[in-house]
1. Might you let me know whether region 231-253 holds any residue that is out of contact with any Cys (no Cβ under 7 Å at 6 or more places or on another chain), part of a loop (DSSP other than H, G, I, E, B) and closer than 30 Å to MET32 by Cα?
2. May I ask you to list the residues in region 246-264 that are surrounded by 20 or more Cβ atoms within 10 Å (Cβ to Cβ) and under 30 Å from LEU168 (Cα atoms)?
3. Residue by residue through region 100-129, note down the ones that are away from the ligand (no atom under 14 Å from the Cβ), open to solvent by less than 10 Å² (accessible area, probe 1.4 Å) and touching a strand residue (DSSP E or B) at 6+ places or on another chain (Cβ under 7 Å).
4. Between a residue in region 1-20 that is modelled with pLDDT under 95 and any residue that is open to solvent by less than 50 Å² (accessible area, probe 1.4 Å) and hydroxyl-bearing (Ser, Thr, Tyr), which pairs come within a Cβ distance under 7 Å, given they are 6 or more apart or on different chains?
5. Out of ALA176, ALA149, report the one residue that is surrounded by fewer than 21 Cβ atoms within 10 Å (Cβ to Cβ), more than 16 Å from the chain's Cα centre (by Cα) and within 16 Å of the ligand (Cβ to nearest atom).
6. Which one is surrounded by the fewest Cβ atoms within 10 Å (Cβ to Cβ) among residues in region 69-91 that are within 10 Å of ARG144 (Cβ to Cβ) and touching a Gly at 6+ places or on another chain (Cβ under 9 Å)?
7. Which is aromatic (Phe, Trp, Tyr) and within 16 Å of the ligand (Cβ to nearest atom), of PHE209, PHE233?
Amino acid sequence: MRHVLTDNFRAFSARIGADPLQIQGPGGNTSMKDAEIMWIKASGKELADAMRAEIFVAVDRRAAEAEARGAGDGTCKTTVLDPKIKLWPSIETTFHAVLDWRVVAHTHSVAVISHVISPEGRKVAQEKLADLDPVFVPYIKPGRPLTQAILERITPQTRVILLENHGLIVCGETTAEAEALMQRVEERLRRDPVEVAPTTPEADPLPGFSWADEENWLAQDEAARARVTGGSFYPDHVVFLGPGLPTADNDNSPPAILVPGVGIQLRNSATPTQAAMLRCLSDVLRRVPADWEIEPIGHDAEAALLNWDAEKYRQSLAVKG
Ligand SMILES: [Zn+2]
């Protein structure tokens, strides 16, 4: 099979993958296409590994585009070209397929997320990126619903897409073009994080848990605590840590528990990705000014991400009251 991936593209993917302010764990994805083939990051793989492992899978570009527009089930699993390969394409493959640019890169940028979870932040981002004609897409579940929402808003010239409560997409004809555009967005939306003192609580954590490090401020600071226990702000948080941050160990065995006024304890069996998502929450909230309102994705969206029955989930929340 023709391999269209360039070393530049792999190196770019690895670079953004290694930056926790752009990518956390297996989040985000990059793609490169030619007339018929699109190489896309495989589901569950990490961009950080792009130089040392095969993290990309080749799909039939036109078949993936057809899935984006309603054919098949939207997973693009049947569009994988090599039947022997044991990788599935990313859940976000369909939007890569419909963006008619050779290189597409999608990150869960902390700088972008800290703007797009807030109405005031979105206004600031619109002003700072005005010359790049950014398209804003309201939150919707990743996969074909998100791809369709993108399709409804873009023009053939669109190269910067801000996914509200989610992240960033940039497009280019070359890797260098896409990377330069991504850097411009990052530079313009970069915010200095508020200083937080890493303090380890003196109290013993629950058995099987350890205190977090710099994230403890989220439990100690009253305003931050209200924010992080009040909802979830972007999809990977929900996928890897569950909804919001729970304040007690419950039947869902959460990987992280917030002890109000004290700190956050992380289960010792938590994965590196779960630890990275906790760090991401702290990184995002350190960059959202206190006077900006922030909007959680809501309980129905949380339930949809976890494939939970939305009605049962609402009932369980009502019981906890
Ligand atoms: Zn994403």
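1. Within region 231-253 (the criterion being out of contact with any Cys (no Cβ under 7 Å at 6 or more places or on another chain), part of a loop (DSSP other than H, G, I, E, B) and closer than 30 Å to MET32 by Cα), the answer is yes, since at least one residue qualifies.
2. Selection gives PRO254, PRO255, ALA256, ILE257, LEU258, ILE264.
3. Answer for region 100-129, where residues must be away from the ligand (no atom under 14 Å from the Cβ), open to solvent by less than 10 Å² (accessible area, probe 1.4 Å) and touching a strand residue (DSSP E or B) at 6+ places or on another chain (Cβ under 7 Å): VAL103, ALA125, LEU129.
4. Short answer, once both residue conditions are applied: THR6/THR175.
5. ALA149
6. Applying the filter and picking the extreme gives THR75.
7. That would be PHE233, the only listed residue that is aromatic (Phe, Trp, Tyr) and within 16 Å of the ligand (Cβ to nearest atom).
One line per residue, one yes/no per condition, for (1) in contact with a helix residue (DSSP H, G or I) (Cβ under 7 Å, 6 or more places away or on another chain); (2) under 18 Å from ALA97 (Cβ atoms):
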{"site": "GLN22", "(1), (2)": "yes, no"}
{"site": "GLY44", "(1), (2)": "no, no"}
{"site": "ALA50", "(1), (2)": "yes, no"}
{"site": "ALA58", "(1), (2)": "no, yes"}
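The values are calculated or read from the model by the stated rules, or taken from the named source; none is laboratory data. As the structure is a computational prediction, the values presented were derived from the model and not from experiment. Every residue, glycine as well, gets a Cβ built from its backbone with ideal geometry; the counts of neighbours run over all protein chains shown. Heads up: the accessible areas ignore ligands, DNA and RNA and are worked out on the full protein's heavy atoms, side chains in. Shrake-Rupley method; radii C 1.70, N 1.55, O 1.52, S 1.80 Å.
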